[in-house]
Amino acid sequence: MASDVDPKYLPPERPPRKPGQEPSARLTLDAYVRLRKELEDLETNGRAHIADRLLHAREFGDIRENAEYDAAKNEQGLMEARIRELKRKLADPEIIEAVHGDEIDVGAMVTLRPVDEDDPDDEIYLLAHSAEERAPGVRTVTVQSPLGSVLMGKRVGDHVSYEAPGGTFTYEVVAFGPQGP
C-alpha cells in the first residue's frame with residue numbers, strides 16, 4: 001500500500017513516545033491515508049462548497065427566516081466538527097500492523113456463524129482498534145465493542161456470546177485471517 005501512495009499522505013516520522021504518552025488514535029496505514037485524504041478534501045473542496053451554499057442562500061433574502069441558509073450553516077457545523085475530529089485523530093496516531101497467528105487479533109477478518117438460527121448465513125467482520133477502519137463489503141467492529149471484545153484471542157470452532165440491546169447473541173468462529181489488500 002505505502003509504495004503507491006503520494007508521500008504527502010504518509011505519516012511523518014516521530015520520536016518514540018514517552019512513558020504514559022498515549023497515541024491520538026490507533027490506525028492502520030490504509031485508514032491513516034484515507035483519513036488524511038478526507039481531511040484535505042474537507043478543508044478545500046468541502047469548505048468551498050459550503051461557502052457557495054451560504055452565498056447562494058443569502059440571495060434568498062432575510063437570513064433569519066431562511067431555511068436554505070439554516071441548512072447550510074448546519075452542514076457547515078457538522079463538517080467543521082468532522083475536521084476537528086480528523087485533526088485530533090491524525091495528530092499523533094500509532095500506525096499498527098495486524099499480527100496474525102492462531103488466535104483472533106486486531107486486523108483480522110472474522111467469519112462468524114449464528115448458532116441460534118435454523119439456516120444461518122455467515123457474517124464477516126473486520127476487527128479493528130478504530131471504527132474508522134474499513135474493508136470492502138464487511139462491517140467493522142472495534143475491540144471496545146461487545147462483539148469485538150469477546151472475539152479477541154478466540155480460535156476457529158470457539159463459540160462467543162455477547163449482550164446487545166436486542167438480547168444475547170451467540171456465534172461460532174468459522175474462519176479468520178488477515179485483512180486483504
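None of the figures in this text is laboratory data; all of them are computed from the coordinates on show. Please read these numbers as outputs of a predicted model, since none were measured by experiment. Every residue, glycine among them, receives a Cβ derived from its backbone with ideal geometry; neighbour counts consider all protein chains shown.
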Expressed as a rounded percentage, what relative contact order does the chain have, with Cα pairs under 8 Å and six or more residues apart?
20 percent
Order by protection proxy (mean Cβ within 10 Å, highest first), peptides 13-23, 146-156:
146-156, 13-23
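Taking a ≥ b ≥ c as the square roots of the Cα gyration tensor eigenvalues, with a/c under 1.5 meaning rounded and otherwise prolate when a/b beats b/c, else oblate, which class fits region 1-134?
oblate
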Based on the Cβ-Cβ distance from V143 to H56, what FRET efficiency comes out when R0 is 45 Å, to the nearest 0.05?
0.50
Going by average Cβ neighbours within 10 Å, how do the peptides 160-168, 137-145 rank, with the highest at the top?
137-145, 160-168
Can you give the extra length, in nm with one decimal, that the chain gains between D121 and E43 once fully stretched, where that is 0.36 nm per residue apart less the Cα-Cα distance?
23.9 nm
Using every alpha carbon pair in region 108-178, what percent of pairs falls into each 10 Å bin from 0 up to the bin containing the largest distance?
21, 57, 22, 0
Kindly write out, for region 8-23 in residue order, the coupling ³J(HN,Hα) from the Karplus curve 6.51 cos²θ - 1.76 cosθ + 1.60 (θ = phi - 60°), rounded to whole Hz, with x marking Gly and Pro.
5, 8, 7, x, x, 5, 9, x, x, 5, 6, x, x, 7, 9, x
Under the rule a/c < 1.5 gives rounded, and otherwise a/b versus b/c splits prolate from oblate, where does region 67-132 land using the Cα gyration tensor?
oblate
Could you count how many Lys pairs in the chain have their Cα atoms under 19 Å apart, skipping same-chain pairs fewer than 8 positions apart?
6
Percent of alpha carbon pairs in region 55-181 separated by more than 18 Å?
64 percent
Let me know the shape class of region 31-80, please: from the alpha-carbon gyration tensor, a ≥ b ≥ c as square roots of the eigenvalues, rounded when a/c is under 1.5, otherwise prolate if a/b is greater than b/c, or oblate.
prolate
How many percent of DSSP beta bridges within the chain run antiparallel, rounded to 5?
75 percent
Per DSSP H run of n ≥ 4, the term is -39500 (n - 2.57); total these for the chain, divide by its residue number, and report the mean residue ellipticity at 222 nm rounded to 500 deg cm²/dmol.
-10000 deg cm²/dmol
